[in-house]
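Student: I'd like to ask you about the structure that follows.
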Amino acid sequence: MYQFIKIFSSTIGTFSLCAGMGLAAIAFVVVRQLHKIHSSSKLENEVLIAIPFTLLTGVAGGYLLDLLLRGGIQALWLNPRGYGLTFYGWLIACGVFLLFYGKCRKVRPTLLLNLFLPSFALAQAFGRIGCFLGGCCYGRPAKFLGVSYPEGSLPYIHHGSTPLIPVQLYESAYLLITFVILFKVIRFNHRGAWYLILMPAGRFWLEFCRNDDRGTIGCDILSPSQWISAGLFLLGICWLMAIKYNHKKRKISVEALLKASKL
């Protein structure tokens, strides 16, 4: 585990470095997709403006959700410092911002979601590597293929030298596979919906392997992330069904017009 690395005379946290790489990956993938779909210059400008605001909104949302889950609503005014970032807070904040931005700027919100959401899989894969190197989001004690963390790290404080499941690396691998599937198999207009199906499905099951403090929402049958995963999974299913319904509706309309033209 390497919590910090030295670059020239500066010491940088490995999680911060990996998170920065993830954010850069989002910008790169979104811009690349813009060129692939042959977007207009107006759309390109709108998306380029949206990128930094989306990422900043996500950071604020990620911090806010972690504060609420681990500190409670009272932490907002009593002690709002010292919390981390939760990916789901980041994701939800980004999604809400893109919907709002699309409505305000007259850009189809689903187009923005299909551009941005799939790139989050790659960004989160980088982030999970940062979690592993930084010693957060660690797993339960492992019977085999476990990782022992060094003295001074958070996992060592709670579990000593007991080997733990490297759940962060498993999730990173799953997210990379999800990213490849989204861009190599799934059509552009379906990518956002499939991201909301594939990503939460994997996260839901991997949460059973985790053993860190993830906060609570008052019902400990499942972790907060598992409840959110279930909600996002259902949202993705509904979105995919809406896409198929609209496609079928348009197909019926076209067939009706063709029949009418033959009369």
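The values are calculated or read from the model by the stated rules, or taken from the named source; none is laboratory data. Please read these numbers as outputs of a predicted model, since none were measured by experiment. As a convention, Cβ positions derive from the backbone with ideal geometry for all residues, glycine included, and neighbour counts pool all protein chains shown.
Student: Assess whether F144 counts as being over 14 Å from the mean Cα position of the chain (by Cα), surrounded by fewer than 16 Cβ atoms within 10 Å (Cβ to Cβ) and at pLDDT 95 or above.
Tutor: No: the conditions fail for F144.
Student: Scan segment 97-108 and give yes if some residue there is closer than 21 Å to I197 by Cβ and surrounded by 21 or more Cβ atoms within 10 Å (Cβ to Cβ), otherwise no.
Tutor: The answer is yes, given that some residue of segment 97-108 is closer than 21 Å to I197 by Cβ and surrounded by 21 or more Cβ atoms within 10 Å (Cβ to Cβ).
Student: Let me ask something additional. Do you know which residues across segment 180-210 are under 18 Å from Q33 (Cβ atoms) and aromatic (F, W, Y)? First the steps, then the outcome.
Tutor: From segment 180-210, those under 18 Å from Q33 (Cβ atoms) are 180-196, 198-199; that's our starting set.
Within segment 180-210, F183, F188, W194, Y195 meet the criteria.
Student: Take the residues in segment 224-237 that are under 13 Å from L65 (Cβ atoms) and not β-branched (V, I, T); name whichever of them is surrounded by the fewest Cβ atoms within 10 Å (Cβ to Cβ).
Tutor: Just the residues of segment 224-237 that are under 13 Å from L65 (Cβ atoms), to begin with: 224-225, 227-228.
Right, trim to not β-branched (V, I, T) and you get 224-225, 227.
Numbers: P224: 23, S225: 21, W227: 16.
Step by step, filter segment 224-237, then rank; the result is W227.
Student: Separate question: Touching a strand residue (DSSP E or B) at 6+ places or on another chain (Cβ under 6 Å), among the β-branched types (V, I, T) and either touching a residue at least 24 places away in the same chain (Cβ under 8 Å) or surrounded by 17 or more Cβ atoms within 10 Å (Cβ to Cβ) (or both), is that true of I165? Write out each step before concluding.
Tutor: Working: touching a strand residue (DSSP E or B) at 6+ places or on another chain (Cβ under 6 Å): yes; among the β-branched types (V, I, T): yes; either touching a residue at least 24 places away in the same chain (Cβ under 8 Å) or surrounded by 17 or more Cβ atoms within 10 Å (Cβ to Cβ) (or both): yes.
Judged against the criteria, I165 is a match.
Student: Something else now. I'd like the full set of residues that are under 16 Å from S119 (Cβ atoms) and surrounded by 12 or more Cβ atoms within 10 Å (Cβ to Cβ), limited to segment 45-55.
Tutor: Residues of segment 45-55 that are under 16 Å from S119 (Cβ atoms), as a first pass: 47-48, 50-55.
Result: V47, L48, A50, I51, F53, T54, L55.
Student: A further question follows. Within segment 1-49, how many residues are of a type in the set (V, I, T) and assigned to a helix (DSSP H, G or I)? Break it down stepwise before answering.
Tutor: Our first condition is that a residue be of a type in the set (V, I, T); within segment 1-49, this holds for 5, 7, 11-12, 14, 26, 29-31, 37, 47, 49.
Subsequent filtering for residues that are assigned to a helix (DSSP H, G or I) retains 14, 26, 29-31, 47, 49.
Residues that pass the stated criteria total 7.
Student: Quick check on segment 69-87. Is at least one of its residues closer than 27 Å to L240 by Cα and of a type outside the set (K, R)? Walk me through how you get there before you give the answer.
Tutor: Within segment 69-87, the subset closer than 27 Å to L240 by Cα is 86-87.
Then drop every residue that is not of a type outside the set (K, R), which leaves 86-87.
Yes, segment 69-87 contains at least one residue that is closer than 27 Å to L240 by Cα and of a type outside the set (K, R).
Student: What tally of residues in segment 60-111 results from selecting those that are part of a helix (DSSP H, G or I), out of contact with any helix residue (DSSP H, G or I) (no Cβ under 7 Å at 6 or more places or on another chain), modelled with pLDDT of 90 or more and over 24 Å from F233 (Cβ atoms)?
Tutor: Final tally of qualifying residues: 1.
Student: Name, by its number, the condition in (1) touching a helix residue (DSSP H, G or I) at 6+ places or on another chain (Cβ under 6 Å); (2) free of Cβ contacts under 8 Å to residues at least 40 places away in the same chain; (3) not in a helix (DSSP H, G or I) that does not hold for I217.
Tutor: Of (1) touching a helix residue (DSSP H, G or I) at 6+ places or on another chain (Cβ under 6 Å); (2) free of Cβ contacts under 8 Å to residues at least 40 places away in the same chain; (3) not in a helix (DSSP H, G or I), only one is false for I217: (2).
Student: OK, next. What about G135, is it more than 30 Å from I186 (Cα to Cα), touching a Ser or Thr at 6+ places or on another chain (Cβ under 6 Å) and surrounded by 22 or more Cβ atoms within 10 Å (Cβ to Cβ)? Full working, then the answer.
Tutor: Working: more than 30 Å from I186 (Cα to Cα): yes; touching a Ser or Thr at 6+ places or on another chain (Cβ under 6 Å): yes; surrounded by 22 or more Cβ atoms within 10 Å (Cβ to Cβ): yes.
Yes: the conditions hold for G135.
Student: Step by step: first the residues of segment 7-27, then only those that are more than 11 Å from Q124 (Cα to Cα) and crowded, with 18+ Cβ neighbours inside 10 Å, then the one that is modelled with the highest pLDDT. Which residue is that?
Tutor: Looking at residues that are more than 11 Å from Q124 (Cα to Cα) and crowded, with 18+ Cβ neighbours inside 10 Å, I get L17.
Student: Here's something else I'd like to know. Considering only segment 33-43, how many residues are surrounded by 12 or more Cβ atoms within 10 Å (Cβ to Cβ) and free of Cβ contacts under 8 Å to residues at least 12 places away in the same chain?
Tutor: Qualifying residue count, segment 33-43: 1.
Student: Here's something else I'd like to know. For residues in segment 172-221 being aromatic (F, W, Y) and crowded, with 17+ Cβ neighbours inside 10 Å, which is nearest to the chain's Cα centre (by Cα)?
Tutor: Step one: list which residues in segment 172-221 are aromatic (F, W, Y), which gives 174, 179, 183, 188, 194-195, 204-205, 208.
Subset that is crowded, with 17+ Cβ neighbours inside 10 Å: 174, 179, 183, 194-195, 204.
On the way: Y174: 12, F179: 11, F183: 16, W194: 13, Y195: 9, F204: 13 Å.
Filtering first and then ranking leaves Y195.
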